[in-house]
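Peer 1: Pasting a structure below so you can have a look.
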Amino acid sequence: MRNLIDIRDLSVKEIEELIAVADDIIENPEKYAEKCRHKKLATLFFEPSTRTRLSFEAAMYELGGNVLGFSEAQSSSAAKGESVADTVRTVSCYADIIAMRHPKEGAPLVASTASEVPIINAGDGGHNHPTQTLTDLLTIKRETGRLCNLTVGFCGDLKFGRTVHSLISALSRYTGIKIVLISPDELKLPGYIKEEALNANNIPYEQTTDLESVMPELDILYMTRVQRERFFNEEDYLRLKDSYILTPEKLKNAKQSLRILHPLPRVNEISREVDKDERACYFRQVRYGKYIRMALILMLLGVE
Ligand code: CP
């Protein structure tokens with residue numbers, strides 16, 4: 001039985017296969033409409049979500065399957081003190097596959113030890129978000145035609161931004177990747193990711209606080225929200241929240257081929273005016289999230 005807890009649970013070849021299936025689903029959705037008939041996906045969301053939960057649910061419906069679950073811990077027996085392990089062991093009696101989001105780092109890994117069906121990590125605290133990474137990789141591939149030979153800038157909250165951690169981990173396995181880390185000093189990428197992903201794979205990277213100075217070299221700009229819910233005090237959040245606000249003015253020196261991604265939700269870090277720029281692809285990225293999750297469900301359920 002396969003789980004997806006960390007993006008490194010998938011080989012580069014398997015990621016390519018998922019992208020190929022997602023591409024085929026986009027071209028031929030009718031081929032997939034009955035693939036999961038009589039299968040059930042459970043979405044266990046102990047933390048808020050719009051895109052991840054609803055795209056998983058839409059994905060399962062488009063495969064002909066059904067969905068059950070909860071969207072907040074308070075409406076589950078977790079509110080009465082039930083453990084993650086017991087919750088998942090119970091739900092695995094009702095569902096064929098489980099997508100789970102939890103505020104605690106490592107909770108989906110714990111869940112996978114108790115579950116009788118595949119567990120998908122739909123985001124665990126400030127740690128990982130592997131299905132967002134699959135979404136990001138599909139977006140980059142469709143927008144640029146490649147996953148190699150790219151200079152990728154990550155801007156904003158690189159400390160708590162789980163989507164950043166997983167995407168850097170994934171991109172570090174491709175050739176010709178250069179990473180540019182743009183953040184305030186307080187929100188720098190954690191040292192363990194620099195060691196395990198960047199240094200271990202000899203990926204060149206630079207760190208800066210100045211977005212505009214590095215803008216001309218970027219092929220991809222991955223903007224992120226400052227993660228208010230992970231801060232220990234509100235004062236620090238208020239001081240750092242508007243560190244970067246992308247505007248048309250700041251894109252003046254960017255490549256015409258630049259692609260701007262954001263996992264969303266957006267708060268203030270990209271001005272609405274940028275949405276009109278063809279280089280802004282964060283809403284196309286949202287759409288791709290459903291297709292890659294369809295491909296992932298098929299893979300983990302072993303459906304041909
Ligand atoms: N990108 C993402 O995880 O969005 P949600 O929090 O809305 O699921």
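Read-outs throughout are calculated quantities, based only on the coordinates presented, and are distinct from any laboratory measurement. Everything quoted here is computed from the prediction, not taken from an experiment. A quick note on method: Cβ atoms are made from the backbone with ideal geometry, for glycine too, and the neighbour counts reach across all protein chains shown.
Peer 1: Would you pull out the residues with amide H under 5 Å of Ile260's amide H, same chain only if 5 or more places away, H placed 1.01 Å from N?
Peer 2: The list, which skips near neighbours in sequence, is Leu221, Ala280, Cys281.
Peer 1: Can you tell me the 0 to 90 degree angle between the C-alpha axis of helix 130-144 and the longest principal axis of the chain, rounded to 10?
Peer 2: The two axes meet at around 50 degrees.
Peer 1: Sorted from largest down, what three extents in whole angstroms do the Cα atoms of segment 8-115 have along their principal axes?
Peer 2: The Cα atoms of segment 8-115 stretch 46, 29, 25 Å along the principal axes, largest first.
Peer 1: Starting from the Cα of Glu196, step 7 Å along the direction of its Cβ; do the same at Gln256; then give the gap between the two resulting points in nm.
Peer 2: 4.2 nm
Peer 1: Fully extended, how many nm does the chain gain between Thr175 and Tyr94 (0.36 nm per residue separation, minus their Cα-Cα distance)? Walk me through the numbers before you get to the answer.
Peer 2: Values: separation 81, 0.36 × 81 = 29.16 nm, distance 4.24 nm.
The span from Thr175 to Tyr94 would gain 24.9 nm if fully extended.
Peer 1: For helix 282-301, report the angle its Cα long axis makes with the longest principal axis of the Cα atoms of the chain; keep it between 0 and 90° and round to the nearest 10°.
Peer 2: With both axes taken from Cα atoms, the answer is about 40 degrees.
Peer 1: I need the peptides 133-141, 103-111 ranked by packing, meaning the mean over residues of other C-beta atoms within 10 angstrom, with the highest value on top.
Peer 2: On the way: 133-141: 24.6, 103-111: 19.2.
The densest-packed peptide leads the list: 133-141, 103-111.
Peer 1: Sticking with this structure for a sec: Which order results if Thr113, Thr131 are arranged by neighbouring Cβ count within 10 Å, fewest first? Kindly include the intermediate steps, with their values, before the conclusion.
Peer 2: Details: Thr113 12, Thr131 26.
Listed from fewest to most nearby Cβ atoms, that is Thr113, Thr131.
Peer 1: Now for a different question. Find which of Gly289, Leu167, Ser271 sits farthest along the positive direction of the dipole of segment 157-304, computed with +1 on the beta-carbon of Lys and Arg, -1 on that of Asp and Glu, about the Cα centre.
Peer 2: With unit charges placed on the Cβ atoms, the residue in question is Gly289.
Peer 1: First measure r as the distance between the Cβ atoms of Val303 and Glu105, then evaluate 1/(1 + (r/R0)^6) with R0 = 25 Å and state the FRET efficiency to the nearest 0.05.
Peer 2: Working: r = 31 Å, r/R0 = 1.22.
Once the sixth-power term is evaluated, E becomes 0.25.
Peer 1: Roughly what angle does helix 51-62 make with the longest principal axis of the chain, taking Cα atoms, 0 to 90 degrees, to the nearest 10?
Peer 2: Value to nearest ten degrees: 50.
Peer 1: Do you know the relative contact order of segment 177-304, to the nearest whole percent, from alpha carbon pairs under 8 angstrom that are 6+ apart? Walk me through the intermediate numbers first.
Peer 2: Details: 130 pairs, mean separation 28.7, N = 128.
Answer for segment 177-304 is 22 percent.
Peer 1: Quote to one decimal, in nm, the extra length available between Glu14 and Glu116 on full extension: 0.36 nm per residue of separation minus the C-alpha distance between them.
Peer 2: Values: separation 102, 0.36 × 102 = 36.72 nm, distance 2.28 nm.
Taking Glu14 through Glu116 to full extension adds about 34.4 nm, to one decimal.
Peer 1: Turning to a different aspect of this structure: Between Gln74 and Glu34, what length in nm is gained on full extension when 0.36 nm per residue of separation is reduced by their alpha carbon distance? List each step's numbers first, then the result.
Peer 2: Values: separation 40, 0.36 × 40 = 14.40 nm, distance 3.37 nm.
Full-extension gain reported as 11.0 nm.
Peer 1: Dipole of segment 130-285 (Lys/Arg Cβ +1, Asp/Glu Cβ -1, origin at the Cα centre): which of Leu240, Asn253, Thr139 lies farthest to the positive side?
Peer 2: Projecting each Cα onto the dipole axis, the largest value belongs to Thr139.
Peer 1: Using a Förster distance of 25 angstrom, determine the FRET efficiency expected from the C-beta separation of Asp185 and Asn149, and round it to 0.05. The partial results should precede the final answer.
Peer 2: Values: r = 30 Å, r/R0 = 1.20.
That pair, Asp185 with Asn149, gives E of 0.25.
Peer 1: Just from the alpha-carbon atoms, what are the Rg and Dmax of segment 232-302 in angstroms?
Peer 2: When restricted to the Cα atoms of segment 232-302, Rg and Dmax are 16.4, 48 Å.
Peer 1: Rounded if a/c is under 1.5, else prolate if a/b beats b/c, else oblate: with a ≥ b ≥ c from the C-alpha gyration tensor eigenvalues square-rooted, which is segment 89-160?
Peer 2: Details: a/c = 3.86, a/b = 1.83, b/c = 2.10.
Oblate shape, in that a/c is at least 1.5 and b/c is the bigger or equal ratio.
Peer 1: Moving to a separate point now. Could you list Val84, Val267 in order of exposure, starting from the residue whose Cβ has the fewest other Cβ atoms within 10 Å? Provide the component values of the computation, followed by the final result.
Peer 2: Working: Val84 21, Val267 13.
Ranking Val84, Val267 by Cβ neighbours within 10 Å, fewest first, gives Val267, Val84.
Peer 1: I need the shape label for segment 108-255. Rule: rounded when a/c is under 1.5, else prolate if a/b > b/c, else oblate, with a, b, c from the alpha carbon gyration tensor.
Peer 2: Numbers: a/c = 1.79, a/b = 1.19, b/c = 1.50.
Since a/c reaches 1.5 but b/c is at least a/b, the shape of segment 108-255 is classed as oblate.
Peer 1: Here's something else I'd like to know. Return the calculated 222 nm mean residue ellipticity for the chain, to the nearest 500 deg cm²/dmol, obtained by summing -39500 (n - 2.57) across DSSP H runs with n ≥ 4 and dividing by the residue count.
Peer 2: Numbers: 9 runs with 100 residues, N = 304.
Value at 222 nm, helices only, nearest 500: -10000 deg cm²/dmol.
Peer 1: Give the value in nm², to one decimal: projected area of the alpha carbon convex hull of the chain, averaged over all directions. Let's see the in-between values first.
Peer 2: On the way: hull surface 60.9 nm².
Computing the convex hull of the Cα atoms and averaging its projections yields 15.2 nm².
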